[in-house]
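Shown next, in structure tokens, is the structure this report addresses.
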């Protein structure tokens, strides 16, 4: 070879390069969200695995199907809770579970209207309650249902119903989630953001000014932490707090309208965990500051109420402070055409369960109350911003109403406007409540999952809240602390699911068989039609043994004849060609 | 199982070339040198074609069939024929008969074509978990391509290496060569304009390659017989 085979070298180099590149090609790749994995006082709860690599199965399951080596895909409404409950109770293993959530969780324009809305919400609430309090040893993922998934489910059901477990051409679908092993979140931080609006301290006033605190927790907890946006619980409360801060900062900016009370605004974290963050925040205060708090208003879930709001207290309603505050609220509510009811729940100090935020204040002997649309205290880890709590479950009007109620009552208390029919925050005034402000913040919060352990100290969202609060208040400070040891969280909350359509092993083997036979046939065909050595060797044999050499002549003649017959069978073409090729 | 699939498809794509080499007298006469030279010429031709395509062709805005672009592509396709001419006539080969020469050149050409166009997608794609028929169709196309290249090389050797041809057959030879040279354009026309699906296109390619092979074989034998 004179010229070096440069083309081959190039091909080899290309091969080497490509060997280092691994491409992922799938029929579909979609973002999925994992069920939360956490330990509560050492007990493991939630989904304990993250990576998934199994064949897909769908309901209704064929008879005798073994789910321990397949991943079940089920839309939310098709998934019977009893089925899951049974699986969990009997500790049966499943390869994995993928739950498809309807795209719009609270579709308002569904023709069945309230029924459709309630059904989805109810199913989600029940599912969440079940999964949050159980240990699930296999990965559980949530995804949003769309056309691709519908087609996938239809395909899977078709394959299952055709009776062939894995047909020759399609072995089915494989769900692959390659996620790293979930690790513990090392020190989950809770960040409380506070801001002050200092009141008017006149010359010669020696006493410390009293403080009124307005508090709301901004973090959430839900079955899928990457989807826990908690619009109503408690995005609505946080947004209301920001609007109240904005209104009062306008009032306080002018010394002539500055009230004789300090206002303290607190956006706390750690709400779902027995208001742990609020506790730590209060603990961080100087005793004197704490004692100067006249009372605190906590806002919790005020985003979807129409006529009735509840004021929850831990001191008995006959208490003069509580009575006065309640009167303030009642006056304003009557004017607004809504009603405020009062609910009393005694605190049991020995019980670690803290159902309302005001209870943490009460433990420090600060008068406090919680305003909420919920009539009864939520259970542990309930109403903390779960799967159904999306943007549609909170509306701007309810938040506006709450802001009006709280700010008007506060104004009456601060400025001593009892009994007078004055609208401090009237419409079309410079102090009007701004629904656009409320809407844009509510929209933002509904796009941001805010589970506290996954929000770092320097998370941009916390920085945004701090910045917003500093626009309205002074002395803004972020107090970070570690969530107490009862809870341990694990990461890997989001992943990419790849759906592959795979061929079964039988198909590959069959193909190999066909290919092998094709190549063999090709080989034989080419040999028979092109090789001429048979002819030449036979003719050679002929020439050698044509001479009358005695002994085995007859045998050789026979052999010669047999070979000639074989030759004629391989066709006249062959002869022609052999003659032509000479 | 996916490496298995890759090996299967690779065998389908490149196996026939190897089988052809070993089954026919090519291996006996050690014509590997010719094959390699033809492969190198193919690479050069591919490079020239790419440069011409990049220079003369516009990037299509939509997927419609543009006759002028296609005509340009056909002309550039003739560079292929020029390359084959170069490989058949200009290169010095060892003393091998004409018959084996065109086979060796055709084989080397088709093998280089398969490697360049089909190896990389095969390596990247067929090893994934996802199963598609694509690579099997690609392998069948490689087979069809081999047959067509051999036919074209045969006709080429008839046109350029053989001096005395029967008068009546000459136009047929040239017509068949033209048809083979424009085959890639024909398939792309079928795929884009008539919107034929891949199985149909591959079937058409296989059928047409066998038909052309038969025709060129008859032509070749006819020319042989007159010698």
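Note on A:87, A:273: ascending count of other Cβ atoms within 10 Å places them as A:87, A:273, the fewest first.
If the Kirkwood radius is taken over C-alpha pairs of segment B:112-227, then at 25 °C and 0.890 mPa s the Stokes-Einstein diffusion coefficient equals 156 µm²/s. Relative to the longest principal axis of the Cα atoms of chain B, helix B:183-192 runs at roughly 20 degrees. Measuring how big segment B:72-121 is from its alpha-carbon positions, Rg and Dmax come out at 12.9, 38 Å. The share of C-alpha pairs in the protein assembly as shown whose separation exceeds 36 Å stands at 63 percent.
A convex hull fitted to the Cα coordinates of segment A:171-325 yields 198 cubic angstrom per residue. With neighbour counts taken as other beta-carbon atoms within 10 Å, the residues A:256, A:343 rank, fewest first, as A:256, A:343.
Axis angle, to the nearest 10 degrees, between helix B:169-181 and the longest C-alpha principal axis of chain B: 20 degrees.
The mean sequence separation of alpha-carbon pairs under 8 Å and at least six residues apart, normalised by the residue count of segment A:314-395, gives a relative contact order of 28 percent. Could you estimate the translational diffusion coefficient of chain B from the Stokes-Einstein equation, with Rh from the Kirkwood formula over C-alpha pairs, at 20 °C and 1.002 mPa s, in whole µm²/s? The diffusion coefficient I find is 115 µm²/s. Determine the distance separating the Cα centre of segment B:161-226 from the Cα centre of segment A:440-519; give it in Å without decimals. Their Cα centres are 58 Å away from one another.
Shielding of peptide A:466-476 by partners, expressed as the average count of other chain Cβ atoms within 10 Å per residue Cβ, is 0.
What ranking do B:35, B:52, B:176 get, fewest neighbouring Cβ atoms within 10 angstrom at the top?
With the sparsest Cβ surroundings first, the list reads B:52, B:176, B:35.
Of all DSSP bridge pairs formed entirely within segment A:192-347, close to 20 percent run antiparallel. For segment A:322-401, the square roots a ≥ b ≥ c of the C-alpha gyration tensor eigenvalues yield an a/c of 1.5 or more together with a/b not exceeding b/c, which makes the shape oblate.
Counted over segment A:168-236 with a bin width of 5 Å, the fraction of Cα pairs per bin, in whole percents, is 3, 9, 10, 13, 10, 10, 9, 8, 7, 5, 4, 3, 2, 2, 1, 1, 1, 1, 0. Mean per-residue shielding of peptide A:150-158 is 0, counting Cβ atoms of other chains within 10 Å of each Cβ.
So for segment B:20-122, what percent of the C-alpha to C-alpha distances run longer than 25 Å?
32
Sorted from greatest to least, the principal axis extents spanned by the alpha carbons of segment A:369-436 come out as 42, 28, 14 Å.
Roughly how many Å is it from the Cα centre of segment B:26-92 to that of segment A:214-236, as a whole number? Each part reduced to its Cα centre gives a spacing of 65 Å.
Measuring nothing but how far apart in sequence close Cα pairs (under 8 Å, 6+ apart) lie, relative to its length, chain B scores a relative contact order of 29 percent. Note: relative contact order over segment A:342-491, using C-alpha pairs below 8 Å and six or more positions apart, is 14 percent. Computed from Cα atoms, the angle from the helix B:67-85 axis to the main principal axis of chain B rounds to 50 degrees.
Each DSSP beta bridge with both residues in the protein assembly as shown is either parallel or antiparallel, and the antiparallel ones are about 50%.
Between B:145, B:164, B:99, the GNM of chain B built on Cα springs shorter than 10 angstrom shows B:164 fluctuating the most.
Rule-based calculations on the coordinates, nothing more; no lab input. Since we're looking at a predicted model, the values are computed, not measured. So basically every Cβ, Gly included, is an ideal-geometry build from the backbone, and we count neighbours across all protein chains shown.
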